[in-house]
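The values are calculated or read from the model by the stated rules, or taken from the named source; none is laboratory data. All values reported here derive from a predicted model rather than from experimental measurement. When we count neighbours, we look across all protein chains shown, and the Cβ atoms used for this are built from the backbone with ideal geometry, even at glycine.
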Amino acid sequence: MLKLMKEDVDVVFDQDPAARSYFEVVLTYSGLHAIWAHRVAHALYKRKLFFLARLISQISRFFTGVEIHPAAKIGRRFFIDHGMGVVIGETCEIGNDVIVFQGVTLGGTGKEKGKRHPTIKDHALIATGAKVLGSITVGEYSKIGAGSVVLKDVPDHSTVVGIPGRVKIQNGRKVDQDLNHCDLPDPVADRFRDLEAEILRLKSEVQQLKKGMSENDDKVVQYTNEAKRNI
């Protein structure tokens, strides 16, 4: 247990440049407190002390803003940055060296039974406000962009962005962990640009049709006037 706690503290220094001392990290990092509380609650849950495990998880939620179901399986060196608003469901499985930012939901999609929450493999990164829903798998070294909603499996070494989430990068090699939140592909903006170009093209065609109809009307009027004069 002490070894795990030291690993949890060390990963904070690896991932957060704002961390200055062990004393500060141990006393003030809510994500760290939530992980430690979960380790205790999970141990009790495995011993079928369900009420006590749930009680600890809810007390932790009250103080940290992080809700982790005691049945969730979490690996080593799990890092929750800032923490507020993170929700991790009952059948969720998280590997080693995973990073999660604030506002992330690892949840289900309904009232189905059995495995209904995501599996997050080693070295994955899930950015601010992302929602990963259902019994899906996020592959090793994959990244989920900020605000994305992921409903399908994510292959290893991939970057997913958008609503719904789409794989935008998959190059078959290790992806660095330092995600740049403001420099990601935006499939929604790309789609809007395509629609705008289509609208401009349609407007141009309509103008041409109107111009052609106007010329035809002028010819009809001219032909009618000539016919009247001949009569």
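Among the residues of segment 34-64, those that are within 15 Å of Ile88 (Cα to Cα) and not hydrophobic (A, V, I, L, M, F, W, C) comprise His38, Arg39, His42, Arg54, Ser57, Gln58, Ser60, Arg61, Thr64.
So which residues in segment 50-80 are of a type outside the set (Lys, Arg), over 21 Å from Arg116 (Cβ atoms) and in contact with a Leu (Cβ under 8 Å, 6 or more places away or on another chain)? Don't jump to the end; show me each part of the working.
Just the residues of segment 50-80 that are of a type outside the set (Lys, Arg), to begin with: 50-53, 55-60, 62-72, 74-75, 78-80.
Now restrict to residues that are over 21 Å from Arg116 (Cβ atoms): 51-52, 55-56, 59-60, 62-65, 79-80.
Answer for segment 50-80, where residues must be of a type outside the set (Lys, Arg), over 21 Å from Arg116 (Cβ atoms) and in contact with a Leu (Cβ under 8 Å, 6 or more places away or on another chain): Leu52, Ile56, Ile80.
Please go through segment 1-19 and pick out each residue that is loosely packed, with under 12 Cβ neighbours inside 10 Å and either in contact with a Gly (Cβ under 6 Å, 6 or more places away or on another chain) or more than 16 Å from His82 (Cβ to Cβ) (or both).
Of all residues in segment 1-19, those loosely packed, with under 12 Cβ neighbours inside 10 Å come to 1-3, 6, 17-18.
Of everything in segment 1-19, those that are loosely packed, with under 12 Cβ neighbours inside 10 Å and either in contact with a Gly (Cβ under 6 Å, 6 or more places away or on another chain) or more than 16 Å from His82 (Cβ to Cβ) (or both) turn out to be Met1, Leu2, Lys3, Lys6.
I'd like to know if segment 79-87 contains one or more residues that are more than 26 Å from Lys121 (Cβ to Cβ) and of a type in the set (A, V, I, L, M, F, W, C). No: zero hits.
Which one is surrounded by the fewest Cβ atoms within 10 Å (Cβ to Cβ), of the residues in segment 52-75 that are among the aliphatic types (A, V, I, L, M) and in contact (Cβ under 8 Å) with a residue 12 or more places away in the chain? Among those residues, the one meeting the criterion is Ile59.
The set of residues from segment 202-221 being at pLDDT 70 or above and either at positive phi or not small (Gly, Ala, Ser) (or both) comprises Leu202, Lys203, Glu205, Val206, Gln207, Gln208, Leu209, Lys210, Lys211, Met213. Looking for something modelled with pLDDT under 90, out of contact with any Phe, Trp or Tyr (no Cβ under 6 Å at 6 or more places or on another chain) and closer than 20 Å to Val104 by Cβ - is there at least one such residue anywhere in segment 192-199? Checking segment 192-199: not a single residue is modelled with pLDDT under 90, out of contact with any Phe, Trp or Tyr (no Cβ under 6 Å at 6 or more places or on another chain) and closer than 20 Å to Val104 by Cβ. Residue count for segment 9-59, restricted to those that are touching an Asp or Glu at 6+ places or on another chain (Cβ under 7 Å) and among the β-branched types (Val, Ile, Thr): 1.
Could you grab me the full set of residues in segment 89-103 that are closer than 18 Å to Asp8 by Cα and either touching a helix residue (DSSP H, G or I) at 6+ places or on another chain (Cβ under 9 Å) or among the acidic types (Asp, Glu) (or both)?
We begin by selecting, within segment 89-103, every residue closer than 18 Å to Asp8 by Cα; these are 93-102.
Listed by number, the residues that qualify are Glu93, Asp97, Ile99, Val100, Gln102.
Of all residues in segment 21-35, those satisfying the criterion of being surrounded by fewer than 18 Cβ atoms within 10 Å (Cβ to Cβ) and of a type outside the set (Ser, Thr, Tyr) are Phe23, Glu24, Val26, Leu27.
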